[in-house]
């Protein structure tokens with residue numbers, strides 16, 4: 001069982017970081033996801049007799065339910081604690097490492113969401129079965145990045161030479177962190193982080209992206225960033241992550257894709273959002289043909305089917 005986030009992803013391994021996925025492995029995963037989405041023969045029996053445990057220490061709708069739907073569509077079964085922070089032995093002081101050691105005896109794969117960055121790596125080191133990171137605090141969300149990229153490539157036909165604007169909470173936004181790291185594996189990328197000064201992308205992330213060859217722009221000019229992009233990735237400013245109400249108030253509501261902004265948006269751009277949304281993405285945008293965020297959410301099922309099948313050594 002690997003716990004090293006730079007160990008390449010493969011059969012029977014944990015997924016703790018998007019850094020495990022190079023372009024070859026991404027292409028393999030997407031080809032497998034295509035099979036899953038098409039309902040290829042035998043897919044519904046790949047996980048027969050296997051059990052997935054979902055341990056979610058933070059709330060979730062899309063990630064937890066799409067993982068559970070994915071496992072059921074593979075023919076497997078699910079055991080779950082809806083809120084592990086208050087409905088598990090964590091309330092009695094049990095450590096995460098002890099919890100995953102125990103759950104390893106009950107399930108063949110564990111899907112973990114936790115409020116602390118690095119929790120998935122710790123869990124993978126302790127577990128006897130693969131652990132899939134479903135979001136670790138302000139750290140990463142690798143499976144979200146994979147379904148985001150899957151949506152992008154299905155719409156643009158490529159993952160290279162893109163102009164991508166990521167907008168909102170770049171300081172604590174794990175979805176933006178993982179997606180930008182994934183995109184930096186491909187040549188010709190221009191990644192623009194549009195964020196308030198209190199929610200700028202971590203300096204270490206920006207340095208890593210540049211070291212990989214991506215052009216990185218940090219800006220508070222929302223209008224300029226969206227006028228010439230291929231992908232607009234809106235995000236919610238996460239109240240639960242900010243260290244004080246005052247800082248949150250300075251970040252919230254700065255950028256919204258209202259009618260004026262939508263008119264300035266590049267006609268070739270696709271609008272993504274990991275959801276849930278607040279005022280940054282009004283419901284009126286749903287009717288725009290460039291809006292693909294509900295498709296993006298649906299793509300979580302075939303991507304997570306593919307990840308589970310590989311983690312179980314079944315595909």
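The values are calculated or read from the model by the stated rules, or taken from the named source; none is laboratory data. This is a predicted model, so every value here is computed, not measured. Glycine gets a Cβ as well: all are built from the backbone with ideal geometry, and neighbour counts include every protein chain shown.
Rundown of residues vs (1) touching a helix residue (DSSP H, G or I) at 6+ places or on another chain (Cβ under 7 Å); (2) at pLDDT below 95; (3) assigned to a helix (DSSP H, G or I); (4) outside the structural domain of residue 285 (by TED's automatic domain parsing), yes/no style:
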{"position": "193", "(1), (2), (3), (4)": "no, no, no, no"}
{"position": "198", "(1), (2), (3), (4)": "yes, yes, yes, no"}
{"position": "207", "(1), (2), (3), (4)": "no, no, yes, no"}
{"position": "210", "(1), (2), (3), (4)": "no, no, yes, no"}
{"position": "223", "(1), (2), (3), (4)": "yes, yes, yes, no"}
{"position": "228", "(1), (2), (3), (4)": "no, yes, no, no"}
{"position": "233", "(1), (2), (3), (4)": "yes, no, no, no"}
{"position": "236", "(1), (2), (3), (4)": "no, yes, no, no"}
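One residue alone among 206, 164 is in contact (Cβ under 8 Å) with a residue 24 or more places away in the chain, touching a strand residue (DSSP E or B) at 6+ places or on another chain (Cβ under 7 Å), crowded, with 19+ Cβ neighbours inside 10 Å and under 26 Å from residue 117 (Cα atoms), and that residue is 164. For the stretch 48-72, the candidate set comprises residues that are more than 19 Å from residue 174 (Cα to Cα) and in a strand (DSSP E or B); within that set, the residue that is farthest from the chain's Cα centre (by Cα) is 51. Among the numbered conditions (1) under 23 Å from residue 16 (Cα atoms); (2) at pLDDT 95 or above; (3) not in a helix (DSSP H, G or I), the only one that residue 171 does not meet is (2). Candidates are the residues of the stretch 10-29 that are in a loop (DSSP other than H, G, I, E, B) and in contact with a strand residue (DSSP E or B) (Cβ under 6 Å, 6 or more places away or on another chain); the one that is surrounded by the fewest Cβ atoms within 10 Å (Cβ to Cβ) is 14. Within the stretch 250-269, the only residue that satisfies the criterion of being in a helix (DSSP H, G or I) and touching a residue at least 60 places away in the same chain (Cβ under 8 Å) is 251.
Yes/no per residue for (1) in a helix (DSSP H, G or I); (2) within 15 Å of the chain's Cα centre (by Cα); (3) crowded, with 20+ Cβ neighbours inside 10 Å:
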{"position": "271", "(1), (2), (3)": "no, no, yes"}
{"position": "274", "(1), (2), (3)": "no, yes, yes"}
{"position": "280", "(1), (2), (3)": "no, no, yes"}
{"position": "286", "(1), (2), (3)": "yes, no, no"}
{"position": "289", "(1), (2), (3)": "no, no, no"}
{"position": "295", "(1), (2), (3)": "yes, yes, no"}
{"position": "302", "(1), (2), (3)": "yes, yes, yes"}
{"position": "307", "(1), (2), (3)": "yes, yes, yes"}
{"position": "313", "(1), (2), (3)": "no, no, no"}
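For the stretch 36-67, a residue qualifies if it is without any contact (Cβ under 8 Å) to a residue 40 or more places away in the chain and either outside the structural domain of residue 306 (by TED's automatic domain parsing) or touching a helix residue (DSSP H, G or I) at 6+ places or on another chain (Cβ under 7 Å) (or both), and exactly one does: 44. Among residues that are at pLDDT below 95 and closer than 30 Å to residue 21 by Cα, residue 216 is not included.
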